[in-house]
Amino acid sequence: MSNAIEYANVPTQHSYNGQVFPQIVVNNDGCKTVEETVTFIQQNQAELEAQLAISGALLFRGFPLNSAETFDIFSAGFGYANFTYKESLSNAVRINFTERVFTANEAPKDVEIFLHHEMAQTPISPSKVFFYCQSAADEGGATPLCRSDKLYEALKAENPALASDFAEKGLKYTTTMPAADDANSGQGRSWKSTLSVESTAEGEAKLKELGYSWEWLEDGSLRAVTPVLPAVIDLGDGSHSFYNQLIAAYMGWKGVRENPSSAITFGDGSAIPKEGLERIAELSQQFTFDLEWQDGDVALVDNYRAMHGRRPFSGERKRQVLVALVAAER
Ligand SMILES: [Fe+2]
């Protein structure tokens, strides 16, 4: 079998500084099994990682993956440390298929999940995200991928004062975690599940350790405020990304558009101007590629450089996109 990487192009692909986004790797028919695919990955890992570092996202198309198990083997083939859903502070309700693999988000199909960096609203976030399309929707259901570094560059050019406020002040997020899982919400994971604890005392100890402040509400839910988290991070190559959850929060979290401070403020507690958030959401569209899934596709996304989301979908076919997360090295 031939082991050279074969790249493909699609008409909607973006290009930044001469590098396509996302980079698309196709099976040149050399890989007939998932084991051969892993061998191919390992033989070409240095080149694939170099492409990922520049592009921010790789799409693998036409490889012999057809189940959560084969996706598990594929994603494990890179040798990265696993970031488990259980130990994450993600507030999305998800279902585990294997140790590494779980559903992307169980929110209903008409709900759009807006652009975000995975778990950037918590102190512990993954460095990379693998997505695997087990079954594409009849209509819609693309995964938008946005070059966050390009977005920040554009914001800086257009509104340097706001861009530097984000970089210098950071952000604080307020989240309310329900007493019980609510699968009908994009962020309905209970506080016990989110914090991996059994009691209020354990929950409080965990929050304290992570630097949160909190209050218990009458209905048994928990309102927690993060320590100051970055809004912008340095990618180490002269670029910076807009590493936060602002677009998803502003566009999709309940009540945030009306009152952004109910969910996010600058790190010093001051309010983020609404017009700024509106403009950032608008600007982000320029740097967004819609990944139209085909069954068996895998995307590997650099969670520091690219944001992702989920378009609404319709039709009889069950859209099933599974995820495996990679722990940060730092
Ligand atoms: Fe996500």
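Values for this structure:
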item	result
Single residue of 154, 163 found to be over 19 Å from the mean Cα position of the chain (by Cα), more than 30 Å from residue 297 (Cβ to Cβ) and among the aliphatic types (A, V, I, L, M)	163
Where residue 262 falls short, out of the listed (1) in contact with a Gly (Cβ under 6 Å, 6 or more places away or on another chain); (2) farther than 30 Å from residue 202 by Cβ; (3) hydroxyl-bearing (Ser, Thr, Tyr)	(2)
Among the candidates 75, 67, residue that is modelled with pLDDT of 95 or more, hydroxyl-bearing (Ser, Thr, Tyr) and in contact with a strand residue (DSSP E or B) (Cβ under 6 Å, 6 or more places away or on another chain)	75
Check on residue 139, within 27 Å of residue 61 (Cβ to Cβ) and either away from the ligand (no atom under 15 Å from the Cβ) or not assigned by TED's automatic domain parsing to the domain that holds residue 188 (or both)	yes
Spans of helices (runs of 4 or more DSSP H) in the range 7-90 with at least 1 residues under 22 Å from residue 307 (Cα atoms)	45-55, 68-76
Which numbered condition residue 107 fails, given (1) part of a strand (DSSP E or B); (2) within 12 Å of the ligand (Cβ to nearest atom); (3) more than 18 Å from residue 81 (Cα to Cα)	(1)
Pairs where the first residue, in the range 184-202, is on the phi > 0 side of the Ramachandran plot and the second is at pLDDT below 90, C-beta under 8 Å, 6+ apart	196/86; 196/87
Single condition residue 99 does not satisfy, out of (1) outside any loop (DSSP other than H, G, I, E, B); (2) surrounded by fewer than 19 Cβ atoms within 10 Å (Cβ to Cβ)	(1)
Residues of the range 285-319 that turn out to be among the polar types (S, T, N, Q) and more than 15 Å from the ligand (Cβ to nearest atom), as a count	4
Residue identified as buried (at least 18 other Cβ atoms within 10 Å of the Cβ) and either among the basic types (Lys, Arg) or away from the ligand (no atom under 13 Å from the Cβ) (or both) among 50, 68	68
So residue 41, is it surrounded by 19 or more Cβ atoms within 10 Å (Cβ to Cβ), over 18 Å from the mean Cα position of the chain (by Cα) and more than 16 Å from the ligand (Cβ to nearest atom)	yes
Odd one out for residue 125, checked against (1) modelled with pLDDT of 95 or more; (2) under 21 Å from residue 194 (Cβ atoms)	(1)
Test for residue 36: is it farther than 22 Å from residue 237 by Cβ, of a type in the set (Asp, Glu) and surrounded by fewer than 17 Cβ atoms within 10 Å (Cβ to Cβ)	yes
Some residue of the range 174-181 being outside the structural domain of residue 20 (by TED's automatic domain parsing), within 27 Å of residue 72 (Cα to Cα) and either crowded, with 20+ Cβ neighbours inside 10 Å or more than 16 Å from the ligand (Cβ to nearest atom) (or both)	yes
Boolean, residue 98 is of a type in the set (Ser, Thr, Tyr), under 21 Å from residue 67 (Cα atoms), more than 10 Å from the ligand (Cβ to nearest atom) and touching a Lys or Arg at 6+ places or on another chain (Cβ under 6 Å)	no
Residue count, the range 110-124 (criterion: within 10 Å of the ligand (Cβ to nearest atom) and either among the charged types (D, E, K, R) or part of a loop (DSSP other than H, G, I, E, B) (or both))	4
Scan of the range 235-249 for residues that are in a strand (DSSP E or B) and within 15 Å of residue 125 (Cβ to Cβ), ordered by number	241
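A quick yes/no check of all residues on (1) basic (Lys, Arg); (2) within 16 Å of the ligand (Cβ to nearest atom); (3) buried (at least 24 other Cβ atoms within 10 Å of the Cβ):
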residue	(1), (2), (3)
73	no, no, no
89	no, yes, no
94	yes, yes, no
130	no, yes, yes
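The values are calculated or read from the model by the stated rules, or taken from the named source; none is laboratory data. For clarity, every value in this text was computed on a predicted model and none was experimentally measured. Here the Cβ is made from the backbone with ideal geometry for all residues, glycine too, and neighbour counts use every protein chain on show.
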